[in-house]
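Q: Sharing a structure here in C-alpha cells format.
The values are calculated or read from the model by the stated rules, or taken from the named source; none is laboratory data. All figures in this text were calculated on a predicted structure; none of them were measured in a lab. Glycine gets a Cβ as well: all are built from the backbone with ideal geometry, and neighbour counts include every protein chain shown. Surface areas here come from the heavy atoms of the whole protein model, side chains and all, with no ligands, DNA or RNA. Shrake-Rupley method; radii C 1.70, N 1.55, O 1.52, S 1.80 Å.
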Amino acid sequence: MHQEPDSDQAYRQYCLEIELHWSLARQVQTIVSPIEFEAIDRWQAAGIPAHVVVEAIHQFVTRKNKLKRQRHYLLTSVDGDVQKKFGEFQKAHVGEAQDDRTWHVRKISQIVQRLETVQIQHPVSEGIISPIIDRLLELDFSRPIDPEILETELTQWDQEMVYALWGCVSEADQVTFHEEVSGILGQEDDPEFFQRLLDDMLRYHFGVPRLSILG
C-alpha cells in the first residue's frame, strides 16, 4: 500500500504499535512477515484504529492460550476479532450507542471489573486503582450525558492513572520496558511515540484497560 509522504509517520506508528502488542501478547519477540503486514495494511486502509486492533490481538491470544493444544498463529488469524471489535467501535461512535445509556453503563462496568482484577493481582496498585474505580462508580447515567464530554474526562483520568502507576514499577522492570520498546523504535526517532509505547508496556504489565466508552 502506497503512503503519501505526510502520512508516513502515522503509518509507521500504526505498524509499530501493532507489532509491539503482537509480541507482548504472545510473550515472544516476533518479526512480522510480509503477509501479516498486508493484514495491517488492510486494517489501516479500512480506518480501523490501532487501539482497536491491539484490543483484538489480546482478546485473540487470551482465548487461544486457554486451548489445550497450542499452535503457531499468524497475525492474519486475528482478523475476525479485529472486525468484531471494529464493529463495536463503530457502533459506539456513530450508532445508537451514542445515546444508549445501557451501552455506557455496560462499558463502565466492564472497565471496573478489569480494574478490580488488577487490584487483586497487583496489590501495590490499589492506592491508585481504587480511587479510579470510585470515580467510575459515581458516574450518574440516570440523566442524559454528553459522550464526548465523558470521554474527555475518562481520558484525563486514564492519563493520571498511567502516570501514577509508573511509581509502582521497579527500576529493573522500567529498564526492561525501555529495552523492549527500543528493539523496535529508537527513543530519539520519536520521543512522544516512544513514551506512548512505554505506557502500553505498563498497561500490559498490570493488565490495565483504557478508560474509554468509545473503544
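Q: Residue check: is ARG63 open to solvent by 50 Å² or more (accessible area, probe 1.4 Å), of a type in the set (Lys, Arg) and within 17 Å of the chain's Cα centre (by Cα)?
A: Yes: the conditions hold for ARG63.
Q: Moving on. Would you pick out the residues in the range 154-190 that are within 21 Å of PRO123 (Cα to Cα) and open to solvent by less than 30 Å² (accessible area, probe 1.4 Å)?
A: If the condition is that a residue be within 21 Å of PRO123 (Cα to Cα) and open to solvent by less than 30 Å² (accessible area, probe 1.4 Å), then TRP157, ASP158, MET161, VAL162, LEU165, VAL169, PHE177 are the ones that fit.
Q: Under 7 Å between Cβ atoms, at least 6 apart or on separate chains: pull out the pairs that start in the range 1-12 with a residue that is within 18 Å of ARG42 (Cβ to Cβ) and end on any residue that is modelled with pLDDT of 50 or more and open to solvent by less than 100 Å² (accessible area, probe 1.4 Å).
A: Matching pairs, first to second residue: MET1/ASP41; MET1/ALA45; GLN3/TYR11; TYR11/GLN44.
Q: Let me ask you something else. Determine whether the range 29-36 contains at least one residue that is open to solvent by less than 10 Å² (accessible area, probe 1.4 Å) and more than 15 Å from the chain's Cα centre (by Cα).
A: Yes.
Q: Also, quick follow-up: Which residues, counting only those in the range 202-215, are in contact (Cβ under 8 Å) with a residue 40 or more places away in the chain, open to solvent by 10 Å² or more (accessible area, probe 1.4 Å) and over 15 Å from THR155 (Cα atoms)?
A: TYR204, GLY207
Q: Return the total of residues in the range 66-80 being within 17 Å of SER23 (Cα to Cα) and either modelled with pLDDT of 90 or more or surrounded by fewer than 10 Cβ atoms within 10 Å (Cβ to Cβ) (or both).
A: Looking only at that region, the number is 8.
Q: Same structure, new question: For the range 117-153, which positions are open to solvent by less than 70 Å² (accessible area, probe 1.4 Å), under 19 Å from the mean Cα position of the chain (by Cα) and either over 23 Å from HIS205 (Cβ atoms) or acidic (Asp, Glu) (or both)?
A: LEU150, GLU151
Q: Still on this structure: Please specify each residue of the range 43-60 satisfying the condition of being of a type outside the set (A, V, I, L, M) and surrounded by 11 or more Cβ atoms within 10 Å (Cβ to Cβ).
A: TRP43, GLN44, PRO49, HIS51, GLU55, HIS58, GLN59, PHE60
Q: Right, something else. So for the range 90-105 (the condition being loosely packed, with under 13 Cβ neighbours inside 10 Å, more than 23 Å from ALA50 (Cα to Cα) and modelled with pLDDT of 90 or more), does at least one residue qualify?
A: no
Q: Let me ask you something else. Is there a residue in the range 35-47 that is closer than 19 Å to ASP200 by Cα and either assigned to a helix (DSSP H, G or I) or at pLDDT 85 or above (or both)?
A: yes
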